[in-house]
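Peer 1: Handing you this structure, nothing more for now.
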Amino acid sequence: MTDSATTREITAAVVREKGSFELAPVLLDAPRDDEVLVRIVATGLCHTDLVVRDQVYPVPLPVVLGHEGAGVVESVGAAVEKVAPGDHVAVSFLPCGRCRPCFDGSPASCANFNAINFAGQRPDGSHALRSATGDGTLHDRFFGQSSFATHAVTSERNTVKVRADAPLDLLGPLGCGIQTGAGTVLRALEVGAGATFAVMGAGAVGLSAVMAARVTGATTVVAVDVLPARLELATELGATHVVNGREKDAVDEIRRITGGGVDFALDTTGLPALIGQMVEALRQRGTGAVLGASRADAVIGLPANAFMQSCKTLMGVVEGDSVPDVFVPQLLDLHLQGRFPFDRLVRFYDFDRIDEAAADAASGAAVKPVLRIG
Ligand code: CXF
Ligand code: ZN
């Protein structure tokens, strides 16, 4: 039954079958007490949307994906204090707020991350979205938002107020891909002035890491990729050296450039072979971070004795260990000062061109597609 006072018809990109999006009318309930109704202006398309669309990550279908939403608050639940109607917001991942890492101030390391962000429903099993044709359950709440839609019901907790003088259609990716790369450099690895740094993969996450490494004052920033256009962009954004992994041995090159290995490195590819190369390319006592989504059966193999005696550190990092309410506004301030030009990564698409945006992301033709929705 539809209560027109609390339920509205919206348009969403629904994944009904593995591998494809379909724009369709769906029904959205009003926000609950702790929720926010956001009119979506634009949403970034992240690699994770594609691996879920393709069911490499098994979220139940049919589902509305999208987890880099930006928009304007339309209404708030009775208990919401952080944002108000009219506020500009970027929406990020949703932590539980009640586990040990959340209590420790690291919501991105939430012990219940998958159960909340990939379940396709609220923790109590309910949904804010419903099929408009009454033909069964529609899964939602992807990263607490499902923002491939004209409107989304978010939680107060994952809704970040952003300054109103910034171009709102650009800001969604700050809530995932951009904070993942930049946060891993600035917050997790704490790359410092004078450091040497390398990144495997120069996509949206890797290039955000390059820009962040430049912000910190790292003096050697090496980007490794196989697409010449990506390497060119990496140079423009601050990489001091680039390596085409198809043409050269990345480990040899990084060792040659740095005289023995980098202080810090990160892998954005999730490919075990490249994670292994990243660890090899670290100097003695260097630190590497793994932050790309891998296949479920991927295993990292390390020579145990050599790893032990290298005294290296290898860490897993989710979402750049970001606290979005703090870090997203910081990245935006850096951007508006011209020190973090993440707009260089973005290519805009109208909402009904979502398949083209996804194809361009998969082929590498677009670094960070953003769907203009509102
Ligand atoms: C994801 C990658 C897979 C684990 C959770 C976080 N990052 C964002 O898209
Ligand atoms: Zn993402």
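Peer 1: To the nearest Å, what is the center-to-center distance of segment 172-212 and segment 115-152, using C-alpha atoms only?
Peer 2: Each part reduced to its Cα centre gives a spacing of 30 Å.
Peer 1: Looking at Gly374, Phe340, Gly44, which one has the Cα that reaches farthest to the positive end of the dipole of the chain (charges on Cβ: Lys, Arg +1; Asp, Glu -1)?
Peer 2: So the residue furthest toward the plus end is Phe340.
Peer 1: Build a GNM of the chain with springs between Cα atoms under 10 Å: which of Val191, Val326, Val38 gets the top mean-square fluctuation?
Peer 2: Taking springs between Cα atoms under 10 Å, the residue moving most is Val326.
Peer 1: Something else: Considering only DSSP states other than H, G, I, E and B, which GluC sites (Glu not before Pro) in segment 176-252 qualify as loop sites with at most 10 other Cβ atoms within 10 Å?
Peer 2: Passing sites in segment 176-252 are Glu247.
Peer 1: I would also like to ask the following. Rounded to two decimals, what ratio of Rg to Rh does segment 35-75 give with C-alpha atoms and a Kirkwood Rh?
Peer 2: 1.06
Peer 1: Taking the C-alpha atoms of segment 80-205, how large are the radius of gyration and the largest Cα-Cα span, Dmax, in Å?
Peer 2: For segment 80-205, the Cα-based Rg and Dmax read 16.9, 60 Å.
Peer 1: What does the charge add up to near Gly120, with Lys and Arg as +1, Asp and Glu as -1, over the other residues with Cβ less than 12 Å from its Cβ?
Peer 2: +1
Peer 1: While we're looking at this one, here's another question. With a 1.4 Å probe and every protein chain left in place, work out the accessible area per residue of the chain in Å², rounded to a whole number.
Peer 2: For the chain, the per-residue accessible area is 41 Å².
Peer 1: A further question follows. Over segment 215-374, one equal point on each Cα, no solvent: what is log10 I(q)/I(0) by the Debye formula at q = 0.11, 0.17 Å⁻¹?
Peer 2: -0.55, -1.26
Peer 1: At each listed q (0.18, 0.28 Å⁻¹), what is the log10 of I(q)/I(0) that the Debye formula gives for segment 14-84 modelled as equal alpha-carbon point scatterers?
Peer 2: -0.83, -1.18
Peer 1: Also, quick follow-up: So if we plug the beta-carbon distance of Ala84 and Glu17 into 1/(1 + (r/R0)^6) with R0 = 35 Å, what FRET efficiency do we get, rounded to 0.05?
Peer 2: Plugging the Cβ-Cβ distance into 1/(1 + (r/R0)^6) gives 0.35.
Peer 1: What distance in nm lies between label points placed 7 Å from Cα along the C-beta direction at Glu247 and Ala273?
Peer 2: Going by the 7 Å Cα→Cβ label model, 1.9 nm.
Peer 1: If you don't mind, there's one more thing I want to ask. Multiply the residue separation of Thr137 and Asp124 by 0.36 nm, subtract the distance between their alpha-carbon atoms, and state the gained length in nm to one decimal.
Peer 2: 3.2 nm
Peer 1: For segment 144-282, compute Rh as the Kirkwood radius over C-alpha pairs and then the Stokes-Einstein diffusion coefficient at 20 °C and 1.002 mPa s; write the answer in µm²/s, rounded to an integer.
Peer 2: The calculation lands on 135 µm²/s.
Peer 1: At 0.36 nm per residue, and after removing the present C-alpha to C-alpha distance, how many nm does the segment from Ala164 to Asp350 gain when stretched out fully?
Peer 2: 64.7 nm
Peer 1: Counting only protein heavy atoms and using a 1.4 Å probe, what share of the accessible area of the chain belongs to carbon plus sulfur, as a whole percent?
Peer 2: Percent of accessible area from carbon and sulfur atoms in the chain: 49.
Peer 1: Is there a pair in Lys18/Lys368; Lys82/Lys368; Lys18/Lys82 whose C-alpha atoms are over 26 Å apart, and which pairs would that be?
Peer 2: Lys82/Lys368; Lys18/Lys82
Peer 1: Turning to a different aspect of this structure: With a point put 7 Å past each Cα toward its Cβ, work out how far Asp34 is from Ala111 in nm, to one decimal.
Peer 2: For the pair Asp34/Ala111, the computed spacing is 1.7 nm.
Peer 1: Still on this structure, please answer the following. Report the GluC sites (Glu not before Pro) located in segment 1-101 that are in a DSSP loop and have at most 12 other Cβ atoms inside 10 Å of their Cβ, or state none.
Peer 2: For GluC sites (Glu not before Pro) across segment 1-101 that sit outside H, G, I, E and B with at most 12 neighbouring Cβ atoms in 10 Å, the list reads Glu17, Glu81.
Peer 1: Oh, and also: Bins of 5 Å, beginning at zero and ending with the bin holding the largest distance: percent of Cα pairs per bin for segment 1-147, please.
Peer 2: Per 5 Å bin, starting at zero, the Cα-Cα P(r) for segment 1-147 comes out as 2, 10, 18, 23, 22, 15, 8, 3, 0 percent.
Peer 1: Could you check how many percent of all C-alpha pairs in the chain are farther apart than 40 Å?
Peer 2: 13
Peer 1: Quick one: what do you get for segment 116-169 if you divide its Cα Rg by 2.2 N^0.38 Å?
Peer 2: Normalised by 2.2 N^0.38 Å, the Cα Rg of segment 116-169 equals 1.32.
The values are calculated or read from the model by the stated rules, or taken from the named source; none is laboratory data. The model shown is predicted, which means the values in this text are computed figures rather than measured ones. Reconstructed Cβ throughout: ideal geometry from the backbone, glycine too, with neighbour counts over all protein chains shown. The accessibility values were calculated without ligands, DNA or RNA, using every heavy atom of the protein model including side chains. Shrake-Rupley method; radii C 1.70, N 1.55, O 1.52, S 1.80 Å.
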